[in-house]
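Q: Quick one: this structure, given as structure tokens, is what I'll be asking you about.
The values are calculated or read from the model by the stated rules, or taken from the named source; none is laboratory data. As the structure is a computational prediction, the values presented were derived from the model and not from experiment. For neighbour counting, all protein chains shown are included, and Cβ atoms are generated from backbone atoms with ideal geometry for every residue, glycine included.
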Amino acid sequence: MDTNKKEYYIGRELSWLAFNERVLSEAQDIHNPLMEKLKFTAIFASNMDEFFMVRVAGLIEQISAGYKKTDIAGYTPEEQLVAVSKETRRLIEKQQSIFRELVSELEKYNVYFNPVLNNEYDEDTENIFIDAVMSVVSPVTLDPAHPFPFIYNKRMSLIAALEKQGREYFSLIMLPENIRRYFAVHKGNKKIIWTVEEIIKKHIQKLFRGYNVKTVNVFRVTRNTDIEMRSEEMADIILSMKDFLSRRVKGAVTRVEIEADTPAYIVEFLQKMVNFKDMDTQYIQGVIDLTFLFSLSSIMPNMQFPVHKSFSVSDLPENSEIFNRIKEKDIFFFRPYYSFSTVSKLIAAAAEDNDVLAIKMTLYRTNRDSSILASLVKAAKSGKQVSVVVELKARFDEERNIDWAKNLEDAGCIVTYGIAGLKIHAKCLLIVRREYESIKRYTHIATGNYNENTAALYTDVDLITSDDSIGRDAAQLFNYLMAYTEEQQWKALSVAPFNLRENLYKLFDNEIKQAKEGRKAHIVMKMNSLIDKDMIDKMYEASNAGVRIDLIVRGICGLKAGCKGFSSNIKVRSIIGRLLEHSRIFYFENAGNPRYFIASADMMPRNLNRRVELMAEINDEDFKNALGKFLDITLKDNMKAWQLTGDTFIKIKKTDDEEAVNSQEYFMNNRLI
């Protein structure tokens, strides 16, 4: 097989946009409550913001640097940008069309969104304008003494064309970040919702007495936030990060959303002042920035998903007896179907236990009010050795991680920032406890972050074990991360960038061998993203050898499925539902002795080559059976699943004689362990 053929692969950027379109499709799913449909519209918008701040920004930088190397699908950065520009325009039009449908659906429940502001609403909107808007905004009418101000990233703004005594002026109104985005008013049995920009438009003349307001239009700037920290800046990583964050908010423009009815001369003026081109301009036939729909969904709480109550891990003590429970049998659970509080309780118990000598953990993303980190602070203040490896470069969580790093250091924790050139993405906790005349290691390994908020929204897998071989490897990992040792001999864990890729290849090669010898060979891999070309080629090799491969890929997928000659034995599906699929689970048939693994890594070059990641084998038969059932139910999903055919994902439609299977709902209502 010629792996240099570009037609065997799907480009990363267009594959990601296809994923976001699957997210948007949830806003049309008749099985979702109305308020949840609005949330999916907001998720799509938020995802698109990040795409322009990071991925489009990267393409623009590559083009500016003269970078000509093609992606795995054979496209240059220029070609990718053209394709992305065309596709994002199509998707934004689709989003606005769906939102108009949802607005019509709201009206069935007497909720009206941005109705025409006629005399009926003058008093209500004028009161809102005077009480909540007029004193908050600060218009800047441009003249030599008032130059065009800097427009910050994602800042909603209005530009007004004014006329006075035959002269024309432009005035800019930048909405403060903390201004309310919408206002709700009750009129009889109706609930009326107006966006703040529509209220400003209606009453803008009150801001410009003595002027004639000719036009007023809304626009929003998106900027490059993927500015790199240069290695020569890293002498003091905290100061370097703070400088980096201050520079990031002023990155180059990657997109400008502007109302479709904006006069051409105003667009040209903005292009000159803000420094953007036609390709960067998206004309919006509707409401700009629908991320505010996250909060709007609360106006009808009875039209949201019912509250999900997580299962609890059976027989789990909340004191030092938890360690005896772990020694009896490892703890294994699926979040959020099982409560993540299991991990919080473990760390809280360790903080209180006089026999605990040390607590070590990696920190990638966490919540601001984290009880886990509060427990670490408590443990350090009580004299325990607490070591935390903080990844400051967790995109968009950098400031929070800086704050936590300072709090932890102030409490007496040892805080380090990993290894230069590698991002720390592994999720690992090690508790070292004095027991009798020796020490015992307790290790937590997971596919998801130590974030108690996202643990209720993301699907992940957690293992808590007293296995000594895993504990020793975890201890080696922390020694490496804190720069105490260099050479490592991993026995129980696979660690990127050292041996994780190599060990996966060995597992693939074993399945290839079994297939060639006529035995059953089967691989199932669940992940967020698959774009590593070498890993895709290994999958193609296995497929051609007769190995059956089932992939569950939430987002980016650079592999083409079911294609004669290179992927005929590969099936790919994507689950998009109420919860964000985040777990990485790998299954290998192994000649009838199945092996299961959980990992923090996706199949991407950055995860396998440029990040510290962990993969752990699950050996307990009960846990293996639970993982097997989890994968089996996921592969049977016919309500929230999409099937990849060639390079196109198509929604799976349940036939009349099939039983409906929504895997996420199944796991919410049925214990696996």
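Q: Taking only pairs six or more apart or across chains, which ones have beta-carbon atoms under 6 Å, a first residue in segment 451-474 that is of a type outside the set (Phe, Trp, Tyr), and a second residue that is buried (at least 19 other Cβ atoms within 10 Å of the Cβ) and part of a helix (DSSP H, G or I)?
A: These pairs meet every condition: Ile464/Ile326; Ser466/Ile326.
Q: List every residue pair whose Cβ atoms sit under 6 Å apart, with the two residues 6 or more apart in sequence or on different chains, where the first one lies in segment 252-273 and is among the basic types (Lys, Arg) and the second, anywhere, is surrounded by 11 or more Cβ atoms within 10 Å (Cβ to Cβ) and assigned to a helix (DSSP H, G or I).
A: Short answer, once both residue conditions are applied: Arg255/Phe52; Arg255/Asp280.
Q: Let me ask something additional. Out of the strands (runs of 3 or more DSSP E) lying entirely within segment 144-210, which hold 1 or more residues that are among the hydrophobic types (A, V, I, L, M, F, W, C) and either without any contact (Cβ under 8 Å) to a residue 40 or more places away in the chain or closer than 21 Å to Ala252 by Cα (or both)?
A: Per the criteria, 156-164, 167-174.
Q: What residue, among those in segment 403-421 that are among the aliphatic types (A, V, I, L, M) and surrounded by fewer than 17 Cβ atoms within 10 Å (Cβ to Cβ), is modelled with the highest pLDDT?
A: Within segment 403-421, the match that is modelled with the highest pLDDT is Ile414.
Q: Hey, does segment 158-181 have a residue that's among the basic types (Lys, Arg), touching an Asp or Glu at 6+ places or on another chain (Cβ under 9 Å) and more than 18 Å from Leu296 (Cβ to Cβ)?
A: no
Q: Please verify whether Ala521 is over 29 Å from Thr416 (Cα atoms), crowded, with 18+ Cβ neighbours inside 10 Å and of a type in the set (Gly, Ala, Ser), treating the condition exactly as stated.
A: In short, yes.
Q: Looking at segment 580-601, which of its residues are among the small types (Gly, Ala, Ser) and either in a strand (DSSP E or B) or out of contact with any Ser or Thr (no Cβ under 7 Å at 6 or more places or on another chain) (or both)?
A: Ala591, Gly592, Ala599, Ala601
Q: Being more than 28 Å from Arg223 (Cβ to Cβ), in contact (Cβ under 8 Å) with a residue 60 or more places away in the chain and in the same structural domain as Tyr8 (by TED's automatic domain parsing): is that true of Gly58 here?
A: no
Q: Criterion first (of a type in the set (Lys, Arg) and within 19 Å of Lys345 (Cα to Cα)) does Lys423 satisfy it?
A: no
Q: Considering only residues that are more than 20 Å from Ile424 (Cβ to Cβ) and not in a helix (DSSP H, G or I), which ones fall in segment 444-459?
A: Listed by number, the residues that qualify are Asn453, Leu457, Thr459.
Condition check ((1) of a type in the set (S, T, N, Q); (2) in contact (Cβ under 8 Å) with a residue 40 or more places away in the chain; (3) over 26 Å from Pro306 (Cβ atoms)) across all residues:
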residue	(1), (2), (3)
Met603	no, yes, yes
Arg606	no, yes, yes
Arg610	no, yes, yes
Ile618	no, yes, yes
Ala626	no, yes, no
Lys636	no, no, no
Lys640	no, yes, no
Asn662	yes, yes, no
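Q: Working carefully through the options Leu457, Leu477, find the one that is among the aliphatic types (A, V, I, L, M), within 32 Å of the chain's Cα centre (by Cα) and either surrounded by 16 or more Cβ atoms within 10 Å (Cβ to Cβ) or under 12 Å from Leu614 (Cβ atoms) (or both).
A: Exactly one of Leu457, Leu477 is among the aliphatic types (A, V, I, L, M), within 32 Å of the chain's Cα centre (by Cα) and either surrounded by 16 or more Cβ atoms within 10 Å (Cβ to Cβ) or under 12 Å from Leu614 (Cβ atoms) (or both), namely Leu477.
Q: OK, next. Is it the case that Asp462 is within 23 Å of Phe623 (Cβ to Cβ) and either touching a Leu at 6+ places or on another chain (Cβ under 8 Å) or not in a strand (DSSP E or B) (or both)?
A: So Asp462 does not fit the description; no.
Q: While we're looking at this one, here's another question. Would you check which residues across segment 359-376 are buried (at least 20 other Cβ atoms within 10 Å of the Cβ) and not polar (S, T, N, Q) and list them?
A: The answer is Ile359, Lys360, Met361, Leu363, Tyr364, Ile372, Leu373, Leu376.
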